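Shown next, in structure tokens, is the structure this report addresses.
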Amino acid sequence: MMKDLEREKIIQYFNYNISLEHSAIIQYLFHAYTVGEAETENELEEIAREEMRHLRMFAHKVVELGGDPAISERAAVFLHAPTLEDLMQLNIDAEIMAINEYSNQLKDISDESAKRILNRVINDETAHSKIFQKMKENLRSMIKDSSSQKEQERIQIAQLLNEILQRQYKKILEELYQSFITRFKNPHLSDELEQKAIDKMKHFGWIAEELSEKGYEIDVSLPSVEKVKEEKSIINYNQSEEQKSQEEFLSLSQKAENPDLRWILERIAKREIHYTDLKKFLDNNNLSEKDYSKIISAFTVGSLFKRGS
């Protein structure tokens, strides 16, 4: 049986690791949205998906040990560099830092389950560092054009898109947190919440790409997270939030003159329907595992970009 001191040590370590993985996800996705080279974008996105899986593994272990996953914490992110080569070096540095941190943790704990997680993640991060090194070698030095026009319309569109991006970011963190803490209490609810977070990740990607394509600055500052824990409260909270979001996005889309902005707002609004019948679905004890499997898909982020969605 694990001693309390060991348990607290692993919770503390893994919560710190959650903050590292969280920062890596944001950093790599931001670079994917802004790098402007299709193959590199896809590779960056794939690495970000693996970092999401790492965050999930660390969070589930924290919950298993009786801790509260630090989903609202984030380490430093490095988003800008003079050239693409410099940008890749930021990612190499992040991977090396994570490898060193996880290797030190591995030496300091004895729980075999926690050590397996760390070994898996260290192997992935080692591969990531090599991929980033290859990207750096293949990319030509190129200074990113950061010219910014100050027309009022552009400023308003950028502000609006960033507000929406922040709301989606907030919901991603909240739904992931809710998924983690309900994992062992109600696996079906946990899976549903995880899928909803994945949908919000796609919305986040669409908005970030739109901002990047138009030359706007992307706001990925860490939002404030509401940590709702009780099952009934989770459903009620998300249902209320979803209804407000849908109404707001539809209203904004009707006022938007820019066709690309209108398309994004309408598409997100039409997807905000997840929690309407969720409580009834979860309360239906007559559903078989096969019925559940038709509704709850396997964990995958899929493409976060508009293409192929």
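The values are calculated or read from the model by the stated rules, or taken from the named source; none is laboratory data. Predicted model, so just to flag it, every value in this text is computed and none were measured. Virtual Cβ from ideal backbone geometry, glycine too; neighbours counted across all protein chains shown.
Structure summary
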{"quantity": "Residue identified as within 20 Å of Thr126 (Cβ to Cβ), among the hydrophobic types (A, V, I, L, M, F, W, C) and not in a helix (DSSP H, G or I) among Ala48, Ala75", "calculated": "Ala75"}
{"quantity": "Verdict on Glu226 being of a type in the set (Asp, Glu), touching a residue at least 12 places away in the same chain (Cβ under 8 Å) and crowded, with 19+ Cβ neighbours inside 10 Å", "calculated": "no"}
{"quantity": "Selection within segment 229-250 - among the hydrophobic types (A, V, I, L, M, F, W, C) and surrounded by fewer than 19 Cβ atoms within 10 Å (Cβ to Cβ)", "calculated": "Leu250"}
{"quantity": "Single condition Asp68 does not satisfy, out of (1) part of a helix (DSSP H, G or I); (2) more than 16 Å from the chain's Cα centre (by Cα)", "calculated": "(1)"}
{"quantity": "Residue in segment 29-43 that is modelled with pLDDT of 95 or more, part of a helix (DSSP H, G or I) and within 18 Å of the chain's Cα centre (by Cα) present", "calculated": "no"}
{"quantity": "The one condition in (1) among the small types (Gly, Ala, Ser); (2) farther than 18 Å from Glu272 by Cβ; (3) buried (at least 18 other Cβ atoms within 10 Å of the Cβ) that Ala197 fails to fulfil", "calculated": "(2)"}
{"quantity": "Residues of segment 1-40 satisfying the condition of being among the charged types (D, E, K, R) and surrounded by 20 or more Cβ atoms within 10 Å (Cβ to Cβ)", "calculated": "Glu21"}
{"quantity": "Candidates Ile131, Ile96, Ile122, filtered to the one that is touching an Asp or Glu at 6+ places or on another chain (Cβ under 7 Å), part of a helix (DSSP H, G or I) and either on the phi > 0 side of the Ramachandran plot or of a type in the set (Val, Ile, Thr) (or both)", "calculated": "Ile131"}
{"quantity": "Breaking point among (1) in a loop (DSSP other than H, G, I, E, B); (2) within 22 Å of Pro69 (Cα to Cα); (3) touching a Leu at 6+ places or on another chain (Cβ under 9 Å), for Asn238", "calculated": "(1)"}
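Conditions (1) surrounded by fewer than 16 Cβ atoms within 10 Å (Cβ to Cβ); (2) modelled with pLDDT under 95; (3) not assigned by TED's automatic domain parsing to the domain that holds Glu194, marked per residue:
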position: Gly67; (1), (2), (3): no, no, yes
position: Leu79; (1), (2), (3): yes, yes, yes
position: Pro82; (1), (2), (3): yes, yes, yes
position: Asn91; (1), (2), (3): no, no, yes
position: Ile96; (1), (2), (3): yes, no, yes
position: Lys107; (1), (2), (3): yes, no, yes
position: Ile122; (1), (2), (3): no, no, yes
position: Glu125; (1), (2), (3): no, no, yes
